[in-house]
Amino acid sequence: MEIQKVGVVGLGLMGNGIAQVVATAGYSVVAREVNDELLEKGIKNIERSLQKFVEKNQLSEVEKQNTLARIKRTTAVADLKDCDLVIEAITENPKAKKELFAELDRLCPRHTILASNTSSISITEMAAATKRPERFIGLHFMNPVPLMKLVEVIRTIQTDDEVFETGVRFAEKIGKVPVRTWDRVGFIVNRLLIPYLLDSIRALEEGFGSIPDIDKSIHLGLNHPMGPFTLLDFVGLDTTLFIAEIMFEEYREQRFAPPPLLKRLVTAGWHGRKTGRGFYDYSDPKNPKPMNLQLT
Ligand SMILES: NC(=O)c1ccc[n+]([C@@H]2O[C@H](COP(=O)([O-])OP(=O)(O)OC[C@H]3O[C@@H](n4cnc5c(N)ncnc54)[C@H](O)[C@@H]3O)[C@@H](O)[C@H]2O)c1
């Protein structure tokens with residue numbers, strides 16, 4: 001099937017990036033937020049991001065204006081009714097997502113594909129809130145969406161093969177690189193990333209090295225763009241703990257169990273960069289200092 005009009009629900013961190021890349025690729029977009037203020041905030045962020053592409057000569061001023069013109073802004077769910085694909089990127093709350101999908105299912109024609117950008121909620125569970133589980137997929141974008149190439153395309157046992165492949169082709173058409181995966185918590189990226197991050201904390205607890213030395217080992221020894229503690233502070237320790245707990249609940253395997261130190265840091269309110277402290281102290285943001293975590 002041919003996708004022409006795409007709904008994006010939620011214009012937060014992920015949703016505004018998704019609306020931007022979909023509109024840049026030439027699709028008509030209907031972007032929905034809960035009120036005018038958040039709608040404007042989302043659109044402002046898209047404008048700012050597109051402007052950066054103009055400054056880097058990767059987009060012309062005319063293309064920027066045309067991209068913005070392709071995004072219809074609304075606070076009414078009913079305006080999504082003639083979309084061929086609706087991508088949901090609202091707050092990570094199962095009840096809110098299921099209510100939204102039940103409403104979209106009532107509103108949208110039979111052919112519309114419904115997709116969620118969730119990081120941790122079961123795609124099958126959300127599909128069950130609709131009468132079209134065979135037309136339901138996950139489209140998991142990476143943050144920041146305009147820069148990150150990967151999209152995990154997720155199917156359930158109920159997803160129609162053609163719908164799944166339409167999702168894969170759509171990701172390609174918006175300039176991303178799709179990978180096919182299955183409805184299991186963490187998909188591919190977090191299945192591998194979360195145990196690695198948790199194991200880095202265990203290595204620190206066990207005295208294998210200091211925070212900067214473990215970071216340097218991975219950064220310079222494996223050529224990763226950053227070491228695990230710098231990455232943990234970027235992702236947010238609260239977010240990492242939340243995902244680890246959901247993965248541990250799903251798999252009941254020790255490798256997903258959050259180490260005590262991670263829980264203590266989150267309880268102390270040290271959530272990483274966004275709170276000014278995590279494994280590093282960001283009092284001077286350009287020159288983070290490793291925290292003394294009194295591990296001896
Ligand atoms: N932040 C990340 O790095 C990341 C990465 C991949 C996937 N995700 C997933 O993407 C989704 C969104 O995450 P985010 O970080 O953009 O969150 P966010 O809090 O930045 O944005 C969510 C937005 O959704 C809006 N919203 C809530 N209910 C709505 C509704 N019914 N209709 C329209 N808008 C509504 C909120 O007002 C808010 O602006 C979550 O499911 C999250 O798990 C996040």
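The values are calculated or read from the model by the stated rules, or taken from the named source; none is laboratory data. Predicted model only: the values in this text are computed from it and were never measured. Using ideal geometry, Cβ is built from the backbone for each residue, glycine included, and neighbour counts are taken over all protein chains shown.
Below is a table of values for the structure above.
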{"read-out": "Residue that is nearest to the ligand (Cβ to nearest atom) [pool: residues in the stretch 1-24 that are crowded, with 17+ Cβ neighbours inside 10 Å and assigned to a loop (DSSP other than H, G, I, E, B)]", "value": "Gly10"}
{"read-out": "Residue tally, condition more than 15 Å from the chain's Cα centre (by Cα) and surrounded by 14 or more Cβ atoms within 10 Å (Cβ to Cβ), over the stretch 78-92", "value": "8"}
{"read-out": "Filter result for the condition that a residue is modelled with pLDDT of 95 or more, loosely packed, with under 15 Cβ neighbours inside 10 Å and hydroxyl-bearing (Ser, Thr, Tyr), over Thr75, Thr159", "value": "Thr75"}
{"read-out": "Flag if Val29 is at pLDDT 95 or above, out of contact with any Asp or Glu (no Cβ under 7 Å at 6 or more places or on another chain), more than 11 Å from the ligand (Cβ to nearest atom) and part of a strand (DSSP E or B)", "value": "yes"}
{"read-out": "One residue from Val34, Val62 being out of contact with any strand residue (DSSP E or B) (no Cβ under 6 Å at 6 or more places or on another chain), within 11 Å of the ligand (Cβ to nearest atom) and among the hydrophobic types (A, V, I, L, M, F, W, C)", "value": "Val34"}
{"read-out": "Subset of the stretch 93-120 (residues that are in a loop (DSSP other than H, G, I, E, B) and surrounded by fewer than 17 Cβ atoms within 10 Å (Cβ to Cβ))", "value": "Asn93, Pro109, Arg110, His111"}
{"read-out": "Residue, nearest to the ligand (Cβ to nearest atom), within the stretch 37-52, restricted to residues that are out of contact with any Asp or Glu (no Cβ under 8 Å at 6 or more places or on another chain) and among the hydrophobic types (A, V, I, L, M, F, W, C)", "value": "Leu38"}
{"read-out": "Within the stretch 226-288, helices (runs of 4 or more DSSP H) holding 2 or more residues that are over 18 Å from the mean Cα position of the chain (by Cα) and of a type in the set (Phe, Trp, Tyr)", "value": "237-251"}
{"read-out": "Residue check, Ser210 touching a strand residue (DSSP E or B) at 6+ places or on another chain (Cβ under 7 Å), within 24 Å of Lys263 (Cβ to Cβ), at pLDDT 95 or above and of a type in the set (Gly, Ala, Ser)", "value": "yes"}
{"read-out": "Asn66 without any contact (Cβ under 8 Å) to a residue 60 or more places away in the chain, part of a loop (DSSP other than H, G, I, E, B) and out of contact with any Cys (no Cβ under 6 Å at 6 or more places or on another chain)", "value": "no"}
{"read-out": "Residue count, the stretch 161-190 (criterion: in contact with a helix residue (DSSP H, G or I) (Cβ under 8 Å, 6 or more places away or on another chain) and part of a helix (DSSP H, G or I))", "value": "2"}
{"read-out": "Residues located in the stretch 74-92, provided they are within 14 Å of the ligand (Cβ to nearest atom), assigned to a loop (DSSP other than H, G, I, E, B) and over 16 Å from Thr130 (Cβ atoms)", "value": "Thr75, Ala76, Ala89, Thr91, Glu92"}
{"read-out": "Of all residues in the stretch 121-160 being of a type in the set (Lys, Arg) and assigned to a loop (DSSP other than H, G, I, E, B), the one that is farthest from Val86 (Cα to Cα)", "value": "Lys149"}
{"read-out": "Boolean, Arg264 is at pLDDT 95 or above, surrounded by 14 or more Cβ atoms within 10 Å (Cβ to Cβ), basic (Lys, Arg) and under 26 Å from Ile121 (Cα atoms)", "value": "no"}
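Here is a yes/no grid of residues against (1) in contact with a His (Cβ under 6 Å, 6 or more places away or on another chain); (2) touching a residue at least 24 places away in the same chain (Cβ under 8 Å); (3) more than 30 Å from Glu125 (Cβ to Cβ):
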site: Ala171; (1), (2), (3): no, yes, no
site: Ile188; (1), (2), (3): no, yes, no
site: Leu192; (1), (2), (3): no, no, no
site: Ile201; (1), (2), (3): no, yes, no
site: Phe208; (1), (2), (3): no, no, yes
site: Ile218; (1), (2), (3): yes, no, yes
site: His224; (1), (2), (3): no, no, yes
site: Phe242; (1), (2), (3): no, yes, no
